[in-house]
Amino acid sequence: MRVTVVEPEADGGEHATSYGNSGWLSSHSVIPPALPGAWRKVPGWLADPRGPLAVRWRHLPRAMPWLLRYLASGWTEERLQRTADALRTLLRDAPSLHRQLAIEANVPHLIEQRGLLHVYRSRAEFESEALGWRVRARTGVQWEEWDAAALRAREPDLNPRYAFGIFVAEAGSCRDPGAYVAALARHARSSGASVVRARAESFRVEDGRLRAVLTPDGEIPCDAAAICAGARSAGLAASVGSAVPLESERGYHVQVRGATRGPRTPMMAADGKLIAHWMDGRLRAGGQVEIAGLRAPADWRRADILYAHLRTMFDDLPATAESGRVERWLGHRPSTPDGLPCIGPAAATPDVVLAFGHGHVGLTGSARTGQWAARWLSGTQPSDWTSSFSPARFA
Ligand SMILES: Cc1cc2nc3c(=O)[nH]c(=O)nc-3n(C[C@H](O)[C@H](O)[C@H](O)COP(=O)(O)OP(=O)(O)OC[C@H]3O[C@@H](n4cnc5c(N)ncnc54)[C@H](O)[C@@H]3O)c2cc1C
């Protein structure tokens with residue numbers, strides 16, 4: 001195939017959510033955020049100004065149908081298991097697939113395969129998440145449990161209130177997602193792809209066959225296309241007959257230059273629901289879920305919550321996120337209500353394939369998604385794909 005990438009922004013630029021994410025290649029992240037009983041916790045999270053979830057009231061009427069479906073998708077353990085089993089097929093090989101891509105793109109140092117860590121204040125706190133870990137175990141995820149002494153030995157900079165760790169050896173991480181995306185774009189060009197700096201607006205389809213991608217600067221003739229525009233994909237999908245309920249789960253990061261203490265292994269703190277990870281010398285904390293749509297301005301207080309929590313984990317960080325050493329960033333997780341991406345043909349034509357909606361695991365799931373999209377575009381159903389990912393499930 002002769003490939004054209006239609007992308008309005010610079011390769012690896014900060015407009016894309018993949019630029020500022022937490023760099024986890026978490027093949028074990030098979031649990032959608034809405035667990036059974038999550039609805040009971042939602043009022044408490046919303047009432048807590050420092051909590052991990054926020055909804056802008058002005059956006060609530062629009063988001064409500066999506067939110068209700070989102071909570072319903074994790075209503076029972078059986079539903080949760082079905083989602084987890086499907087996600088596992090997408091994510092299982094992610095660390096090695098990314099490692100291979102990084103080697104091909106000449107940036108092997110950006111992808112590491114040395115495990116990921118979840119830290120808890122106690123074993124009891126870990127056990128309060130037992131359901132999620134039970135479901136993970138059934139998909140084949142294995143882990144090591146570290147007691148306080150083991151955690152201290154491996155993470156000497158971490159505040160001692162964390163007394164229990166779960167180490168997932170199979171998982172990997174990316175040291176700089178923005179640089180990784182830029183390197184992949186360079187690699188695509190050197191392999192013959194061309195890039196058009198434009199925003200795709202819709203498609204020209206005649207007699208069920210794709211003829212062109214439409215942009216404000218004119219048409220790009222083609223006979224196959226994949227829609228992978230993150231949280232901005234829903235309008236493009238609708239123009240080829242596939243209505244996908246897509247919401248932005250907005251998230252934030254803070255990043256400190258010149259930090260002297262931090263994690264040895266990229267880690268998620270269960271109490272703050274944030275990930276702390278070094279990004280080529282900068283200490284980054286990513287997290288928060290804010291439901292406010294694509295256009296509302298950033299609420300930097302959400303990033304400051306992350307920063308305040310990071311300071312309780314590691315010493316010697318500047319007193320406020322206002323410091324010149326601290327950067328803040330907002331991104332849009334493209335999320336479907338059932339926690340699974342849409343990967344598969346559009347309703348109006350098999351020539352257009354949808355490949356978006358990865359929510360919290362879009363970096364991890366991107367390598368396998370690319371393979372599946374390519375197979376669909378060459379007219380073959382991928383052998384390990386299941387209908388759980390079909391865009392038609394929302395029809
Ligand atoms: C704080 C935070 C932390 C996260 N941590 C992780 C993590 O550790 N691991 C993980 O796997 N995931 C993580 N995620 C989720 C992950 O970043 C997303 O799932 C992923 O970026 C989605 O990828 P995407 O390519 O679909 O969308 P994006 O990364 O948003 O990229 C979309 C691209 O489409 C382009 N585009 C938009 N509109 C158009 C158009 N009309 N025409 C052409 N191009 C267009 C954009 O310019 C952009 O380049 C995190 C997200 C956040 C917010």
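Which residues, counting only those in the stretch 102-161, are closer than 25 Å to GLU78 by Cα and of a type in the set (Gly, Ala, Ser)? ALA124, SER128, ALA130, GLY132, ALA137, GLY140 - these are the residues of the stretch 102-161 that are closer than 25 Å to GLU78 by Cα and of a type in the set (Gly, Ala, Ser). Of the residues SER202, SER173, only one is within 26 Å of the chain's Cα centre (by Cα), among the polar types (S, T, N, Q) and within 23 Å of LEU91 (Cβ to Cβ); which? The match here is SER173. Exactly one residue out of THR89, THR76 is hydroxyl-bearing (Ser, Thr, Tyr), under 30 Å from ASP351 (Cβ atoms) and either surrounded by fewer than 18 Cβ atoms within 10 Å (Cβ to Cβ) or within 16 Å of the ligand (Cβ to nearest atom) (or both): that is THR89. Of all residues in the stretch 16-51, those being of a type outside the set (Val, Ile, Thr), out of contact with any Pro (no Cβ under 8 Å at 6 or more places or on another chain), within 19 Å of SER335 (Cα to Cα) and not in a helix (DSSP H, G or I) number 9.
Among the residues of the stretch 338-354, is there at least one that is within 19 Å of the chain's Cα centre (by Cα), under 19 Å from TYR180 (Cβ atoms) and of a type in the set (A, V, I, L, M)? Checked the stretch 338-354: no residue is within 19 Å of the chain's Cα centre (by Cα), under 19 Å from TYR180 (Cβ atoms) and of a type in the set (A, V, I, L, M).
In the condition set (1) buried (at least 19 other Cβ atoms within 10 Å of the Cβ); (2) in contact with a Gly (Cβ under 9 Å, 6 or more places away or on another chain), SER202 is compliant with all but (1).
Could you check, for the stretch 371-384, whether at least one of its residues is in a strand (DSSP E or B) and either among the aromatic types (Phe, Trp, Tyr) or closer than 28 Å to TYR180 by Cα (or both)? Scanning the stretch 371-384, I find no residue that is in a strand (DSSP E or B) and either among the aromatic types (Phe, Trp, Tyr) or closer than 28 Å to TYR180 by Cα (or both), so the answer is no.
Considering only residues in the stretch 64-101 that are over 18 Å from HIS358 (Cβ atoms) and among the polar types (S, T, N, Q), the one that is nearest to the chain's Cα centre (by Cα) turns out to be SER96.
Does the stretch 372-381 contain at least one residue that is among the aliphatic types (A, V, I, L, M), under 30 Å from GLY258 (Cβ atoms) and more than 10 Å from the ligand (Cβ to nearest atom)? The answer is no; no qualifying residue exists. Report yes if PHE314 is within 15 Å of the ligand (Cβ to nearest atom) and in contact (Cβ under 8 Å) with a residue 24 or more places away in the chain, otherwise no. It is false that PHE314 is within 15 Å of the ligand (Cβ to nearest atom) and in contact (Cβ under 8 Å) with a residue 24 or more places away in the chain. Taking the stretch 350-368 as the range and being more than 10 Å from the ligand (Cβ to nearest atom), in a loop (DSSP other than H, G, I, E, B) and under 15 Å from PRO245 (Cβ atoms) as the test, no residue passes.
Between GLY281, GLY324, the distinction of being at pLDDT below 95 and within 26 Å of GLY172 (Cα to Cα) belongs to GLY281 only. Going through (1) over 29 Å from PRO95 (Cα atoms); (2) hydroxyl-bearing (Ser, Thr, Tyr); (3) modelled with pLDDT of 90 or more one by one, THR76 falls short only on (3).
When residues in the stretch 168-212 are screened for being under 15 Å from ALA16 (Cα atoms) and in a helix (DSSP H, G or I), 9 of them pass.
Can you tell me which residue is nearest to the ligand (Cβ to nearest atom) among those in the stretch 213-230 that are touching a Gly at 6+ places or on another chain (Cβ under 9 Å) and either charged (D, E, K, R) or not in a loop (DSSP other than H, G, I, E, B) (or both)? In this case the residue turns out to be GLY230. Taken over the stretch 7-25, residues that are crowded, with 17+ Cβ neighbours inside 10 Å and near the ligand (Cβ under 6 Å from one of its atoms) amount to 8.
Listed by position, the helices (runs of 4 or more DSSP H) enclosed by the stretch 52-136 that each have at least 3 residues that are touching a helix residue (DSSP H, G or I) at 6+ places or on another chain (Cβ under 9 Å) and under 30 Å from ALA188 (Cβ atoms) are 77-91, 94-104. Considering the stretch 284-321, and only residues there that are among the aliphatic types (A, V, I, L, M), in a loop (DSSP other than H, G, I, E, B) and farther than 29 Å from TRP57 by Cβ, the residue that is modelled with the lowest pLDDT turns out to be ALA319. Hey, among ARG204, ARG197, which residue is more than 10 Å from the ligand (Cβ to nearest atom) and not acidic (Asp, Glu)? Being more than 10 Å from the ligand (Cβ to nearest atom) and not acidic (Asp, Glu) holds for just one of ARG204, ARG197, which is ARG204.
The values are calculated or read from the model by the stated rules, or taken from the named source; none is laboratory data. Since this is a predicted model, take the numbers as computed values, not measurements. Every residue, glycine as well, gets a Cβ built from its backbone with ideal geometry; the counts of neighbours run over all protein chains shown.
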